[in-house]
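The values are calculated or read from the model by the stated rules, or taken from the named source; none is laboratory data. For clarity, every value in this text was computed on a predicted model and none was experimentally measured. For neighbour counting, all protein chains shown are included, and Cβ atoms are generated from backbone atoms with ideal geometry for every residue, glycine included. These area figures cover heavy atoms from the full protein model, side chains too; ligands, DNA and RNA do not enter into them. Shrake-Rupley method; radii C 1.70, N 1.55, O 1.52, S 1.80 Å.
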Amino acid sequence: MNQYDSIVVGAGHNGLVCSNYLAKRGKRVLLLEAGERCGGLASTYEFHPGFKTSVAQYATHLPKRIINDLKLRDFGYASHKLDLEALSPEGDSVSLRSGSLFGASADDMAAYQDYDRLLDKFAQMFQPFWQKTVPPIGNNSLSEMLAFAELGLKIRLMGREDMQEFFRVIALPMYDLLDEYVSSPLVKSLLSWDALIGTKQAPRSPNNSVLHLLYRMQGDSEICVNIQNLVEALTQSAEANGVEIRTAAPVESIQISQESEALAATGVVLESGEAISAGQVISSADPKTTFLSLVGSEWLEIEFTNRIQRIRDRGMVSKLHLALDGLPAFNGLDSPDRRLLLAPDVETIECAFDNAKYGELPEQPVLEVTTPSLSSSDLAPEGKHVMSINVMYTPYALKEGWNVSAREALQESVVKTLETYAPAIRSQILGSELLTPADLESRFHVSGGHWHHGDFALDQLIMMRPTHGAAQYKTPIDGLLLCGAGTHPGGDLTGLPGFNAAREALS
Ligand SMILES: Cc1cc2nc3c(=O)[nH]c(=O)nc-3n(C[C@H](O)[C@H](O)[C@H](O)COP(=O)(O)OP(=O)(O)OC[C@H]3O[C@@H](n4cnc5c(N)ncnc54)[C@H](O)[C@@H]3O)c2cc1C
């Protein structure tokens, strides 16, 4: 008899969500995490004596359904507003607060109303789709066809004009879309940000930046800015529902058995050599790690292996954590208690992307800055602060390699950029930690160190995420499922891959 009904590999937030739903339905679940603590990219750890932080800093679209189903509020979960504000070095700023644009010209503010109304309509239309298993293409059952029909109907119900507009803008570069509505460089920069962050796209890239924006605009959501509190609530809720969690328990391999033609997952072997059996293994590790390292290509069809190998998963976001002696003063800002965007115009963003495309460091980095110690005072000693900086467009495969001088050059250019907005900041730095995509890969066991465990790009989305044959959470191996950010609908702290995968595991 199996020791467990299900083993979930990886206690990132998706592994926590998935295992929790299974345990709620009475399954015996073991959750195995390679790292010393739960949370994956959202885990909180000490990066400088007395200073703590997590790589992921905010959850902008965690569905209320997951919060309610898992009773996260009973375990201390709380949400707050988190505005996005774009700054100019001179101290001008424009911001998005509760769905309205502030600080812009009257024309831009009026145009924003139309822009937001349109995109919000599209985002609402897509919203249920992110919480569904998207059927494969071809040979569908009636119920599977209905999933496509539902989306088609929603598009149709928008009316002819909106429908035409939907098909026109969905693949438009953000640059062109914004050009139709607003004129201020800073406003364009502000409005483009959520379409780009974490992706391998710049404002002028065609393809799917608008779709990424709609993904991040999912309606039924609230913002969590205390990530330690989110992970603790998810962990406690999972334990309360009976999930057995083991940290510092890296899985070395997923065990496969073969009876005639059929392959089945039967359990795992840990790096310690311990073997544990289960009726199902559900992996929140990224698809390459799951199939190529934990399963092994000897169990997979060559064509399937090729598709997994082809997944584009080289990250472009680095993280700089700063331990600060006090709260930095930004030009023209009362408090840095928001997401601050340091990118004066979309051309600067585009140029940084161009550098990265050719394996170079950005000449002028574009930064998203948060100060998590403002919402979680226990992250830093009293009076001190933690600053967390997303440095966009830093290539995983830097041409010169991520040697000491490249790391120093990146950190120096980030601090120099910060100084133009917060002149005294350099003197406040007590310690720092720089995590390049290559560091994120090795420290957090994420292939390519990618924000989404694989590019958020049309050929790797929806019924092709991570690739066909594994896009409905089930895989070519019976009893082996995926539940991490590399599956539909993608990364960010949404819990949706874990939620959807649990439904499939129970089906
Ligand atoms: C620099 C950066 C900043 C980000 N900031 C934000 C943000 O502010 N907001 C946001 O919404 N999103 C953010 N993201 C994206 C977000 O962090 C991820 O999309 C999300 O954390 C993915 O969650 P997950 O549970 O699927 O995977 P992960 O968090 O990667 O968890 C997977 C877990 O599996 C474990 N694992 C892997 N292999 C094994 C093994 N062999 N045995 C046992 N365990 C294993 C890993 O240790 C890890 O704990 C950011 C990403 C990056 C890179």
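Inside the range 270-293, can you point out the residues that are within 12 Å of residue 482 (Cα to Cα) and part of a helix (DSSP H, G or I)?
Restricting attention to the range 270-293, the residues satisfying the condition of being within 12 Å of residue 482 (Cα to Cα) are 280-291.
Hits for the range 270-293 are 287, 288, 289, 290, 291.
Any idea which of (1) at pLDDT 90 or above; (2) small (Gly, Ala, Ser); (3) under 22 Å from residue 61 (Cα atoms) is the one residue 110 doesn't satisfy?
Every listed condition holds for residue 110 apart from (3).
Scan the range 6-62 for residues that are in contact with a helix residue (DSSP H, G or I) (Cβ under 8 Å, 6 or more places away or on another chain) and among the acidic types (Asp, Glu) and jot them down.
Hit for the range 6-62 is 33, nothing else.
Please work out if residue 492 is on the phi > 0 side of the Ramachandran plot and in a loop (DSSP other than H, G, I, E, B).
Here the answer is yes, as residue 492 does meet what is asked.
Just one of (1) in a helix (DSSP H, G or I); (2) within 26 Å of the chain's Cα centre (by Cα); (3) modelled with pLDDT under 90 trips up residue 118, so point out which.
Only one criterion in (1) in a helix (DSSP H, G or I); (2) within 26 Å of the chain's Cα centre (by Cα); (3) modelled with pLDDT under 90 is unmet by residue 118, namely (3).
Filtering the range 11-30 down to residues that are in a helix (DSSP H, G or I) and within 12 Å of the ligand (Cβ to nearest atom), which residue is surrounded by the most Cβ atoms within 10 Å (Cβ to Cβ)?
So in the range 11-30, the residues in a helix (DSSP H, G or I) come out as 13-24.
Now restrict to residues that are within 12 Å of the ligand (Cβ to nearest atom): 13-19.
On the way: 13: 31, 14: 33, 15: 31, 16: 32, 17: 29, 18: 36, 19: 33.
Looking at residues that are in a helix (DSSP H, G or I) and within 12 Å of the ligand (Cβ to nearest atom), I get 18.
Scanning for something part of a loop (DSSP other than H, G, I, E, B), in contact (Cβ under 8 Å) with a residue 40 or more places away in the chain and not assigned by TED's automatic domain parsing to the domain that holds residue 179, does the range 94-114 turn up at least one residue?
In the first step, residues of the range 94-114 are kept if they are part of a loop (DSSP other than H, G, I, E, B); the result is 98-99, 103-105.
Next, only the ones that are in contact (Cβ under 8 Å) with a residue 40 or more places away in the chain stay: 104-105.
With not assigned by TED's automatic domain parsing to the domain that holds residue 179 added as a condition, the list becomes none.
Looking through the range 94-114, none of the residues is part of a loop (DSSP other than H, G, I, E, B), in contact (Cβ under 8 Å) with a residue 40 or more places away in the chain and not assigned by TED's automatic domain parsing to the domain that holds residue 179.
Can we say residue 288 is closer than 30 Å to residue 387 by Cα, modelled with pLDDT of 95 or more and surrounded by 17 or more Cβ atoms within 10 Å (Cβ to Cβ)? Write out each step before concluding.
Numbers: closer than 30 Å to residue 387 by Cα: no; modelled with pLDDT of 95 or more: yes; surrounded by 17 or more Cβ atoms within 10 Å (Cβ to Cβ): yes.
So residue 288 fails the test.
If only one of 26, 15 is free of Cβ contacts under 8 Å to residues at least 60 places away in the same chain and small (Gly, Ala, Ser), which one is it? Steps first, please.
On the way: 15 fails: free of Cβ contacts under 8 Å to residues at least 60 places away in the same chain.
The conditions single out 26.
Open to solvent by 10 Å² or more (accessible area, probe 1.4 Å), in contact (Cβ under 8 Å) with a residue 60 or more places away in the chain, within 12 Å of the ligand (Cβ to nearest atom) and of a type in the set (D, E, K, R), is that true of residue 33?
Numbers: open to solvent by 10 Å² or more (accessible area, probe 1.4 Å): yes; in contact (Cβ under 8 Å) with a residue 60 or more places away in the chain: yes; within 12 Å of the ligand (Cβ to nearest atom): yes; of a type in the set (D, E, K, R): yes.
Yes.
Results for (1) assigned by TED's automatic domain parsing to the domain that holds residue 493; (2) under 17 Å from the mean Cα position of the chain (by Cα); (3) farther than 18 Å from residue 390 by Cβ; (4) touching a residue at least 12 places away in the same chain (Cβ under 8 Å), shown as yes or no for each residue.
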site: 189; (1), (2), (3), (4): no, no, no, yes
site: 200; (1), (2), (3), (4): no, yes, no, yes
site: 203; (1), (2), (3), (4): no, no, no, yes
site: 207; (1), (2), (3), (4): no, no, yes, yes
site: 211; (1), (2), (3), (4): no, yes, yes, yes
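Taking into account only those residues within the range 330-343 that are farther than 29 Å from residue 402 by Cα, within 16 Å of the ligand (Cβ to nearest atom) and touching a strand residue (DSSP E or B) at 6+ places or on another chain (Cβ under 8 Å), which is least open to solvent (accessible area, probe 1.4 Å)? Even if it seems obvious, please write down each step before you answer.
Let us first name the residues in the range 330-343 that are farther than 29 Å from residue 402 by Cα, namely 330-338.
Checking which are within 16 Å of the ligand (Cβ to nearest atom) leaves us with 336-338.
Now drop any that are not touching a strand residue (DSSP E or B) at 6+ places or on another chain (Cβ under 8 Å), which leaves 336, 338.
Numbers: 336: 4, 338: 36 Å².
That would be 336.
Could you list, in sequence order, the residues of the range 187-196 that are closer than 15 Å to residue 350 by Cβ and open to solvent by 20 Å² or more (accessible area, probe 1.4 Å)?
Answer for the range 187-196, where residues must be closer than 15 Å to residue 350 by Cβ and open to solvent by 20 Å² or more (accessible area, probe 1.4 Å): just 188.
Limited to the range 307-329, what total is found for residues that are within 25 Å of the chain's Cα centre (by Cα), more than 16 Å from the ligand (Cβ to nearest atom) and not in a loop (DSSP other than H, G, I, E, B)? Full working, then the answer.
Taking the range 307-329 and keeping what is within 25 Å of the chain's Cα centre (by Cα), we get 307-323.
Remaining after also requiring more than 16 Å from the ligand (Cβ to nearest atom): 307, 309-310, 323.
Narrowing further to those that are not in a loop (DSSP other than H, G, I, E, B): 307, 309, 323.
Total satisfying the criteria: 3.
Given the criteria in contact (Cβ under 8 Å) with a residue 40 or more places away in the chain, within 23 Å of residue 41 (Cα to Cα) and open to solvent by 10 Å² or more (accessible area, probe 1.4 Å), does residue 244 qualify?
Numbers: in contact (Cβ under 8 Å) with a residue 40 or more places away in the chain: yes; within 23 Å of residue 41 (Cα to Cα): yes; open to solvent by 10 Å² or more (accessible area, probe 1.4 Å): yes.
Yes: the conditions hold for residue 244.
Quick grid of which residues meet (1) open to solvent by less than 70 Å² (accessible area, probe 1.4 Å); (2) away from the ligand (no atom under 15 Å from the Cβ):
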| position | (1), (2) |
| --- | --- |
| 155 | yes, yes |
| 173 | yes, yes |
| 181 | yes, yes |
| 209 | yes, yes |
| 225 | yes, no |
| 235 | yes, no |
| 239 | no, yes |
| 253 | yes, no |
